[in-house]
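The next block holds one structure in the form of structure tokens; read it before the comments.
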Amino acid sequence: MNILILNCGSSSLKFQLIDTDLARIDADTDLLLARGVIERIGSQSLISLIRQGGAVTKLALPLRDHRGAIEWLCQWLIAPDSDIPTINSRADIHAVGHRVVHGGEKLTQSLLLDTAGIKAIEDCIELAPLHNPANLDGIRAATAILGPSVPQVAVFDTAFHATMPEKNFLYALPYQYYRRYGVRRYGFHGTSHRFVAYRYRLLTGLARQDVRIVTLHLGNGCSACAIDGGVSVDTSMGMTPLEGLVMGTRSGDLDPAILEYLSHKEGMPLEQLLGVLNKQSGLLGVSGLTNDMRELLAEERDHKDRRSTLAIELFCGRVRRYIGAYLAELNGANSIVFTGGIGENSAEIRARICDGLRWIGVELDPALNAQAIGREALISTASSRLAVYVIPTNEELLIARDTFRCIWARDHEAV
Ligand code: AMP
């Protein structure tokens with residue numbers, strides 16, 4: 001089954017086209033047919049795409065909205081010069097899987113979309129005003145372009161964390177704010193943490209109930225997750241993705257009273273300050289240079305830039321703090337697992353984080369760590385009390401498989 005995976009941001013669209021079915025899932029032979037990203041939707045859009053076995057195509061085109069972008073994408077996928085033999089017309093796109101950021105408390109599993117499902121996602125807009133509207137645009141556009149008979153499935157970033165116990169998801173605020181307004185921690189990056197926990201099970205041969213790990217998704221957005229018995233019991237992002245680790249441009253944890261103080265000092269309304277916390281803080285804010293960890297490491301190495309070092313140290317220190325907290329939460333763990341752009345690719349950052357964990361018996365093997373770039377690997381020594389792994393994430397693959405499974409379940413329940 002050819003499944004188009006859409007991840008719609010406010011002015012961007014990432015996509016993959018994946019061929020999967022029961023046999024492919026069993027054999028782990030799902031086929032990536034094409035992937036790409038369209039940025040700056042609404043103006044002169046920048047498009048970067050690659051078909052299976054082909055070269056990268058880059059172009060710029062005016063695309064007015066998500067509908068225009070998806071329309072153009074479908075045309076490109078079925079173009080006569082396409083190298084994808086199984087895609088010849090729109091009818092060959094059999095289903096669509098959407099990454100949806102917020103599912104609130106009700107949408108705790110991947111969902112085959114119908115009118116009620118779309119309404120339920122709309123009901124979560126208040127909780128994710130920056131993200132859910134774009135996800136809904138993608139759903140409506142796909143329906144308009146591919147027709148209502150093509151099944152669409154929503155996979156929620158929050159869903160994996162629905163197993164968090166109340167003591168971990170609740171803020172120590174007056175309880176009625178939770179009851180009345182749903183003010184609680186929801187967590188995000190759930191599809192990534194879930195995928196990594198699943199791959200970890202395959203790698204180690206452990207049964208689900210024996211998986212007790214701390215997963216670290218370190219990319220432009222960053223989050224940690226404590227996983228016990230294969231399910232999330234705590235995670236660092238909160239009611240919004242702003243809480244927790246230091247990120248590319250997000251501050252992560254801070255004293256909320258700072259908001260009032262800074263608002264007064266800078267004469268800035270709260271909304272604008274939240275923009276600073278989301279878009280101008282984190283690695284970018286501390287270094288004053290960039291949100292890209294590669295560039296910070298180069299600045300440190302080549303120019304001994306003090307604030308680049310400071311940003312990196314703050315980043316690593318916060319990750320260590322969460323590892324410590326989650327090891328306590330889990331009463332010990334089997335492993336720590338790194339994923340995300342930084343976690344998968346930067347041996348240096350992994351080493352700097354783990355360097356402060358010797359007290360708990362974490363011992364990285366420098367050679368294994370250096371070799372583990374963008375691939376699954378054990379990077380700790382045989383004598384390390386806690387194993388450390390790198391496991392590249394693949395949220396799109398999980399979305400494709402969930403999409404297939406939801407449709408399969410519908411067809412088999414209906415008989
Ligand atoms: P993601 O959001 O998961 O795509 O991760 C993006 C981030 O990963 C970028 O902002 C980079 O800072 C970081 N990154 C990617 N490759 C490397 C690398 N080799 N070393 C350090 N950071 C990297």
Out of ALA55, ALA91, I need the residue that is free of Cβ contacts under 8 Å to residues at least 40 places away in the same chain and within 25 Å of CYS406 (Cα to Cα). Which one? ALA91
Restricting attention to region 397-408, the residues that are surrounded by fewer than 19 Cβ atoms within 10 Å (Cβ to Cβ) and either under 19 Å from GLY340 (Cβ atoms) or at pLDDT below 95 (or both) number exactly 0
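Here is a yes/no grid of residues against (1) surrounded by 15 or more Cβ atoms within 10 Å (Cβ to Cβ); (2) closer than 22 Å to ALA311 by Cα; (3) in contact with a helix residue (DSSP H, G or I) (Cβ under 9 Å, 6 or more places away or on another chain):
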{"position": "ARG212", "(1), (2), (3)": "yes, no, yes"}
{"position": "MET239", "(1), (2), (3)": "yes, no, yes"}
{"position": "GLU243", "(1), (2), (3)": "yes, yes, no"}
{"position": "LEU259", "(1), (2), (3)": "yes, yes, yes"}
{"position": "LYS265", "(1), (2), (3)": "no, no, no"}
Taking region 267-284 as the search range and keeping residues that are of a type in the set (A, V, I, L, M, F, W, C) and within 12 Å of the ligand (Cβ to nearest atom), which one is surrounded by the fewest Cβ atoms within 10 Å (Cβ to Cβ)? LEU284
What number goes with the only condition from (1) in contact (Cβ under 8 Å) with a residue 60 or more places away in the chain; (2) surrounded by fewer than 15 Cβ atoms within 10 Å (Cβ to Cβ) that ASN291 does not pass? (2)
Would you mind telling me which numbered condition in (1) of a type in the set (A, V, I, L, M); (2) over 18 Å from the mean Cα position of the chain (by Cα); (3) modelled with pLDDT of 95 or more LEU49 fails? (3)
Can you give me the number of residues within region 308-356 that are small (Gly, Ala, Ser), under 21 Å from the mean Cα position of the chain (by Cα) and under 19 Å from MET247 (Cβ atoms)? 4
The one condition LEU218 fails out of (1) away from the ligand (no atom under 16 Å from the Cβ); (2) under 25 Å from ALA159 (Cβ atoms); (3) not hydroxyl-bearing (Ser, Thr, Tyr) is (1)
Those residues of region 2-48 which are of a type in the set (A, V, I, L, M) and free of Cβ contacts under 8 Å to residues at least 12 places away in the same chain amount to ALA23, ALA27
Strands (runs of 3 or more DSSP E) wholly in region 1-107 with at least 2 residues that are under 25 Å from GLY190 (Cβ atoms) - which ones? 2-8, 13-19, 31-39, 95-100
Please list, ordered by residue number, the helices (runs of 4 or more DSSP H) wholly in region 110-181 having 3 or more residues that are surrounded by 22 or more Cβ atoms within 10 Å (Cβ to Cβ) and either aliphatic (A, V, I, L, M) or under 21 Å from the mean Cα position of the chain (by Cα) (or both). 132-146
Looking at ARG185, ARG199, which is the one that is closer than 15 Å to THR108 by Cβ and charged (D, E, K, R)? ARG185
Residue under question is PHE315, and the condition is that it be aromatic (Phe, Trp, Tyr), buried (at least 17 other Cβ atoms within 10 Å of the Cβ) and not in a helix (DSSP H, G or I); does it hold? no
Those residues of region 285-298 that are in a helix (DSSP H, G or I) and either at pLDDT below 95 or away from the ligand (no atom under 12 Å from the Cβ) (or both) come to a total of 2
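The values are calculated or read from the model by the stated rules, or taken from the named source; none is laboratory data. Note that the structure is predicted; figures quoted are calculated from it, not measured. Don't worry about glycine lacking a Cβ; one is built from the backbone with ideal geometry, like all the others, and counts go over all protein chains shown.
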